[in-house]
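Accompanying notes for the structure given below.
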Amino acid sequence: MRFMHIADVHLGAAPDRGFPWSQERGRELWESFRRCIADANEKKVDLLLIAGDLFHRQPQPQELREVNYLFSTLEKTVVALIAGNHDYLQPHSPYLSFPWNENVVTLFSPECERVRLPELRTEIYGFSYHRREIPEPRYDDLQAEKDDYFKILLAHGGDAEHIPLNRERLSEAGFDYIALGHIHRPQVYIRNLAMFAGALEPIDCDDIGPHGYVLGEVQKKRVRLSFVEAASRRYCREKVEITEEDTAYSVREKIADKIRACGAQHTYRIDLTGQHHPRFRPDIREYMKCGRILEINDRSLPAFHLEELRRQYRGQLIGDYIESFGDGPQGTVEQKALYYGLEALLYPER
Ligand SMILES: [Mn+2]
């Protein structure tokens, strides 16, 4: 038996709100989901597990028709689905009344259900969110039945407001695989047993690193897990170091080079570090045009040559000011005070 585990697709979201590519990014989430379904066919996956938050908010009936159409293109795959905290089941949720294709199994009860798939000798346990938050550790008391079926728990949560998880309890609950959703960075939660698939596509700038899905290969109740990168973009946080020689244009070139090297398709937050010429001013607005950039933080410091300045201005205000810091500034606050003060004294016209 081969399964694919995805989570947190967040269809209906438009990430990077306010940036020119935000709408297009919303379409990319759909496109990534469509590719995933095509992969499931190509890889002859028996079971597609969706561990909550397929939608970013309440799904519209038309959106469910699209999703269901994609499910209907699966040649031999059974789909198992729960609702998470974003797409939780309100009393009149279109999720509940939707006429799903026959290969779709929904675990939409607020209480744990068990679905048996005899042709796969597999059993799936799980339940859905019916409210936005569930602070109770609802997975702690689950126990799988003992028989020779492969037991899967489909679960969503892992923080204080969304079903806190307990590693020990989960590892002793008798499941053979635990398909987790909610935490957006893909990660192993319990070795060979529980994984967060992570968001299929990264949704906000904290979802750094690769994103995709988990593939599982089951043989005689033993599972081999692998992660497949499937997202079309990543969020990256990169440093660009400035030197005293740099000018506004050379810094722009450095940023453009960095983005070229790491991949122009990705979305960036850039930190400028190092030391700039005391009279240099970064042109952040211009630099933002170098790629898909969400934010540029200038953390560079002016390259003051303190010894030289102290000698040059001995007995004058500037010399006294430097000397008032003793052997040098202690900590970042003093350092900022020294640099701001020197800037004001040396370049009062600014
Ligand atoms: Mn969630």
TODO: Compute from the Cα atoms of region 235-346 the Rg and the Dmax, the latter being the longest Cα-Cα distance, and quote both in angstrom.
DONE: 16.8, 56
Task: Other-chain or far-sequence residues with amide H under 5 Å of Glu241's (modelled H) - done: Thr273
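What does the convex hull of the Cα atoms come to per residue for the chain, in Å³? Show your work: numbers first, answer last.
Values: hull volume 61.3 nm³, N = 350.
Cα convex hull per residue, to the nearest whole number: 175 Å³.
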TODO: Give the ranking of Ser226, Ser324, Ser109 by solvent-accessible surface, highest area first, calculated with a 1.4 Å probe.
DONE: Ser324, Ser226, Ser109
Task: Integer Hz, Karplus 6.51/-1.76/1.60 couplings in order for region 126-143, x for Gly and Pro - done: x, 8, 10, 6, 10, 9, 5, 10, 9, x, 7, x, 5, 8, 5, 9, 6, 9
TODO: Taking only protein heavy atoms into account and a 1.4 Å probe, give the accessible area per residue of region 235-346 in Å².
DONE: 58 Å²
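Compute the relative contact order of region 235-346 as a whole-number percentage, counting only Cα pairs closer than 8 Å that sit 6 or more residues apart in sequence.
Values: 149 pairs, mean separation 26.9, N = 112.
With pairs under 8 Å counted, the relative contact order is 24 percent.
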TODO: For a quick protection proxy, order the peptides 238-247, 25-34 by their average other-Cβ count within 10 Å, most packed first.
DONE: 25-34, 238-247
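Here is the link list: Lys44/Lys146; Lys239/Lys336; Lys151/Lys221; Lys44/Lys151; Lys254/Lys289; Lys43/Lys76. Which ones come out longer than 18 Å on Cα distance?
Working: Lys44/Lys146 28 Å; Lys239/Lys336 20 Å; Lys151/Lys221 9 Å; Lys44/Lys151 20 Å; Lys254/Lys289 13 Å; Lys43/Lys76 11 Å.
Among Lys44/Lys146; Lys239/Lys336; Lys151/Lys221; Lys44/Lys151; Lys254/Lys289; Lys43/Lys76, the Cα-Cα distance tops 18 Å for Lys44/Lys146; Lys239/Lys336; Lys44/Lys151.
Where only protein heavy atoms count, and the probe is 1.4 Å, what is the accessible area per residue for region 2-229 in Å²? Mind showing how you got there, number by number?
Details: 10360 Å² over 228 residues.
In whole numbers, region 2-229 has 45 Å² accessible per residue.
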Open item on the list: Suppose we keep just the alpha-carbon trace of region 31-170; what are its Rg and Dmax in angstrom?
Closed with: 15.2, 42
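What does the convex hull of the alpha-carbon atoms of region 274-319 project to on average, in nm²? Could the numbers behind the result be given before it?
On the way: hull surface 16.8 nm².
Its average projected convex-hull area is 4.2 nm².
Of the accessible area of the chain, with the probe set at 1.4 angstrom, what percent is carbon plus sulfur? The partial results should precede the final answer.
Values: 8310 of 17450 Å².
For the chain, the apolar C and S fraction of the accessible surface comes to 48 percent.
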Open item on the list: From Cα pairs below 8 angstrom and at least 6 apart in sequence, can you work out the relative contact order of the chain, rounded to a whole percent?
Closed with: 13 percent
- [ ] Considering the convex hull of the alpha carbon atoms of region 244-296, report its projected area averaged over all viewing directions, in nm², one decimal.
- [x] 3.4 nm²
Task: region 94-137 and region 20-61: distance between their alpha carbon centers, rounded to Å - done: 18 Å
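The values are calculated or read from the model by the stated rules, or taken from the named source; none is laboratory data. Please read these numbers as outputs of a predicted model, since none were measured by experiment. Virtual Cβ from ideal backbone geometry, glycine too; neighbours counted across all protein chains shown. These accessible areas exclude ligands, DNA and RNA; they are computed on the full protein's heavy atoms, side chains included. Shrake-Rupley method; radii C 1.70, N 1.55, O 1.52, S 1.80 Å.
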